[in-house]
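What follows is one structure encoded as structure tokens, with my remarks underneath.
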Amino acid sequence: MQDHIVVLTGAGISAESGLSTFRDNGGLWEQHSVYDVATPEAFERNQELVLRFYNERRRQLQSAEPNEAHRLLAELEERYRVTVVTQNVDDLHERGGSSSVIHLHGELTKARSSRFPELVYDIGYRDISPGDTCDEGAQLRPHIVWFGEEVPMLEKAAEVVRTADHLLIVGTSLQVYPAAGLVYEVDVDVPITVIDPGEPASVSRARVICKGASDGVLEWVKGLSF
């Protein structure tokens with residue numbers, strides 16, 4: 001049976017492809033407060049602003065390309081079973097070649113009904129406009145988990161982490177809960193590696209590679225011996 005590598009990724013891996021992060025510039029994202037564009041209340045208050053904001057993010061994503069870290073993680077599937085659990089809403093892991101990706105915080109290339117959350121639609125990089133509705137007539141919204149909303153894929157992700165033979169953490173500060181709690185789901189004898197160029201969050205018994213995502217993943221892959 002193939003060893004199972006579970007990879008937790010965050011904004012740091014997408015940043016190398018030129019995508020902005022929530023935590024840039026003191027909690028602003030493209031000069032917007034997250035409370036103006038990433039809460040259910042914001043959508044109720046100013047639907048047009050929120051839709052425009054995510055339309056811009058979608059256009060930015062369309063022009064971005066997967067980087068070396070994305071490609072290296074995908075290439076691991078030639079030798080191992082690999083599951084990526086990402087906090088990112090972009091599709092760069094999929095475009096980089098990864099076949100098993102769990103998106104904790106939603107997907108930018110999908111829309112869902114604002115009243116019937118089970119109605120989810122692939123929209124690619126198209127805009128969502130006021131008046132665009134689901135099959136039941138309700139306004140479409142970005143398929144994003146906003147602040148204050150439950151994380152529906154969390155339990156599935158936790159189940160995956162519990163089956164890991166190695167846990168690799170790339171580009172996340174492990175400061176955003178409940179996603180950060182996934183690291184505590186891994187078995188006590190499973191090796192953990194954290195790749196972060198700054199001061200990564202403290203993870204007991206973790207090996208730390210103080211490099212950016214692409215350089216760090218390359219170093220880690222070269223050292224694989226299991």
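The values are calculated or read from the model by the stated rules, or taken from the named source; none is laboratory data. The shown structure was predicted, so the numbers you read here are calculated from the model rather than taken from an experiment. Reconstructed Cβ throughout: ideal geometry from the backbone, glycine too, with neighbour counts over all protein chains shown. Heads up: the accessible areas ignore ligands, DNA and RNA and are worked out on the full protein's heavy atoms, side chains in. Shrake-Rupley method; radii C 1.70, N 1.55, O 1.52, S 1.80 Å.
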### Query
Just wondering, is there one or more residues in region 134-143 that are open to solvent by 60 Å² or more (accessible area, probe 1.4 Å), farther than 18 Å from Ala74 by Cα and either within 18 Å of the chain's Cα centre (by Cα) or modelled with pLDDT under 95 (or both)?
no
### Query
Which fully enclosed strands (runs of 3 or more DSSP E) of region 25-127 have 3 or more residues being of a type in the set (D, E, K, R)?
106-113
### Task
State all residues of region 173-196 that are farther than 16 Å from Ala158 by Cβ and either hydrophobic (A, V, I, L, M, F, W, C) or touching a strand residue (DSSP E or B) at 6+ places or on another chain (Cβ under 9 Å) (or both); if no residue qualifies, say none.
Pro191, Thr193, Val194, Ile195, Asp196
### Summary
Checked pairs for region 73-85, first more than 15 Å from Val217 (Cα to Cα), second open to solvent by less than 10 Å² (accessible area, probe 1.4 Å) and at pLDDT below 95, C-beta under 8 Å and 6 or more apart or across chains, list as Val85/Leu182
### Task
Would you please name the residue that is most open to solvent (accessible area, probe 1.4 Å), looking only at residues in region 87-116 that are within 18 Å of Gly181 (Cα to Cα) and polar (S, T, N, Q)?
Gln87
### Query
Considering only region 152-175, how many residues are part of a loop (DSSP other than H, G, I, E, B) and either open to solvent by less than 30 Å² (accessible area, probe 1.4 Å) or in contact with a Gly (Cβ under 8 Å, 6 or more places away or on another chain) (or both)?
5
### Query
Which residues, counting only those in region 73-97, are within 24 Å of Arg58 (Cα to Cα) and among the hydrophobic types (A, V, I, L, M, F, W, C)?
Leu73, Ala74, Val84, Val85, Val89, Leu92
### Task
Being of a type in the set (Gly, Ala, Ser) and open to solvent by 70 Å² or more (accessible area, probe 1.4 Å) is the filter here, so list the residues in region 42-80 that pass it.
Ser63
